[in-house]
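S.K.: Next up is a structure, given as structure tokens.
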Amino acid sequence: MTTPGAAAQVSDPAGRDALITGDAVLLDLRTASFAVRMVSAALDGVLQLSILIGGSIAMAWIAARSGADDGLIAAGIVSMSVLAYVGYPVLCELLLKGRSVGRLVMGTRVVRDDGGPVHLRQSLLRAVMAMLEIWATSGAIALTCSVIDRRSRRVGDLLAGTMVIQERMRDLEPRRAEVPASLRSWAGSADVGRLPLTLMQDIRSFLPRATTINPESRRQLSRDLLHRTLPHVSPAPPPGTDPEEFLAAVLAERSRRDEQRLRRAQARSHELSAEVRTVPFTA
């Protein structure tokens, strides 16, 4: 049994994982791509090296002016290393709610696997593991793990139970979906009400940007969405229907029916409110 507020990971019929809370709320968490994470890590790495080098030079200068021994200088350099490699990422994630300077630039954020904010323990574990998988191995371990994992998580994310999501995305020009003329008669009588929410989100994401995708990838994506959608639509579209026209028809018809259903519910709510206001109050 899932407790309220907890999150569970389930799979839709297409095999894609969806994160649903105990309150039956679908979390639309778009994980950041590996390329975006690399740029973000590079920006943060430059700042961390700047802290380390600048702090070490300052400690050496202060020690030279004060006549401190080599042990004190070494302790100061170690302290600056801890501040740069551990203190910087932990403080940033706690103060900026999962962000860092690099993530602010790239529009990403670290969250728990259930979508909640990271805790101190998780940030500390990620920072310590980064010293091994990023700094000690020049990113080889992080690279391998991120390529293998579906959510582009590195070892520190897997151990801490976190992931990096993409918060800021390019806005697409909103367009109302329309049923293609060749499918209007079919769409009017088709059953399109059984489509999973995750599948609807994938169709909405694909259609507006279809013209910007590589032609071969575009054909593959449209066919994949077609095969995922067909089991939930009845009857099947006419033979020879273009996959993108079919997806547009399904999306437009489903949106039209949902809009009609919402309007009827709002109208009924207004009627009930009017009836309640006209009922006389008795002492």
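The values are calculated or read from the model by the stated rules, or taken from the named source; none is laboratory data. Keep in mind that what you see is a predicted model, and the values were worked out from it rather than measured. Note that each Cβ is placed from the backbone with ideal geometry, even for glycine, and that neighbours are counted across all protein chains shown.
S.K.: Of the residues Leu221, Leu230, Leu199, Leu195, which single one is surrounded by 13 or more Cβ atoms within 10 Å (Cβ to Cβ), out of contact with any Leu (no Cβ under 6 Å at 6 or more places or on another chain) and over 21 Å from Arg30 (Cα atoms)?
M.R.: Being surrounded by 13 or more Cβ atoms within 10 Å (Cβ to Cβ), out of contact with any Leu (no Cβ under 6 Å at 6 or more places or on another chain) and over 21 Å from Arg30 (Cα atoms) holds for just one of Leu221, Leu230, Leu199, Leu195, which is Leu230.
S.K.: Out of all the residues in the stretch 190-230, which are without any contact (Cβ under 8 Å) to a residue 12 or more places away in the chain, part of a helix (DSSP H, G or I) and not basic (Lys, Arg)?
M.R.: Ser205, Thr211, Thr212, Pro215, Glu216, Ser217, Gln220, Asp224, His227, Leu230
S.K.: With the structure loaded, tell me whether Cys92 is at pLDDT 90 or above, buried (at least 19 other Cβ atoms within 10 Å of the Cβ) and not hydroxyl-bearing (Ser, Thr, Tyr) or whether it fails that test.
M.R.: yes
S.K.: Report, by residue number, each residue of the stretch 191-210 that is of a type outside the set (Asp, Glu) and either closer than 10 Å to Arg254 by Cα or out of contact with any helix residue (DSSP H, G or I) (no Cβ under 9 Å at 6 or more places or on another chain) (or both).
M.R.: Val192, Gly193, Arg194, Leu195, Leu197, Thr198, Met200, Gln201, Ser205, Pro208, Arg209 - these are the residues of the stretch 191-210 that are of a type outside the set (Asp, Glu) and either closer than 10 Å to Arg254 by Cα or out of contact with any helix residue (DSSP H, G or I) (no Cβ under 9 Å at 6 or more places or on another chain) (or both).
S.K.: Scan the stretch 27-35 and tell me whether some residue there is more than 30 Å from Thr144 (Cβ to Cβ) and either assigned to a strand (DSSP E or B) or at pLDDT below 85 (or both).
M.R.: Scanning the stretch 27-35, I find no residue that is more than 30 Å from Thr144 (Cβ to Cβ) and either assigned to a strand (DSSP E or B) or at pLDDT below 85 (or both), so the answer is no.
Every residue, every condition in (1) under 18 Å from Val179 (Cβ atoms); (2) at pLDDT 90 or above; (3) crowded, with 20+ Cβ neighbours inside 10 Å, yes or no:
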site	(1), (2), (3)
Ser205	no, no, no
Pro215	no, no, no
Leu226	yes, yes, no
Arg256	yes, no, no
Glu259	yes, no, no
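S.K.: Please note which helices (runs of 4 or more DSSP H) are completely contained in the stretch 58-158 and include at least 1 residues that are basic (Lys, Arg).
M.R.: It comes to 101-106, 120-130.
S.K.: Could I ask something else about it? Can you name the number of the only condition in (1) modelled with pLDDT under 80; (2) charged (D, E, K, R); (3) touching a strand residue (DSSP E or B) at 6+ places or on another chain (Cβ under 8 Å); (4) over 26 Å from Pro196 (Cβ atoms) that Arg99 fails?
M.R.: (1)
S.K.: Suppose we filter the stretch 261-281 for residues that are of a type in the set (A, V, I, L, M) and either at pLDDT below 85 or not in a helix (DSSP H, G or I) (or both); how many remain?
M.R.: Result for the stretch 261-281: 4.
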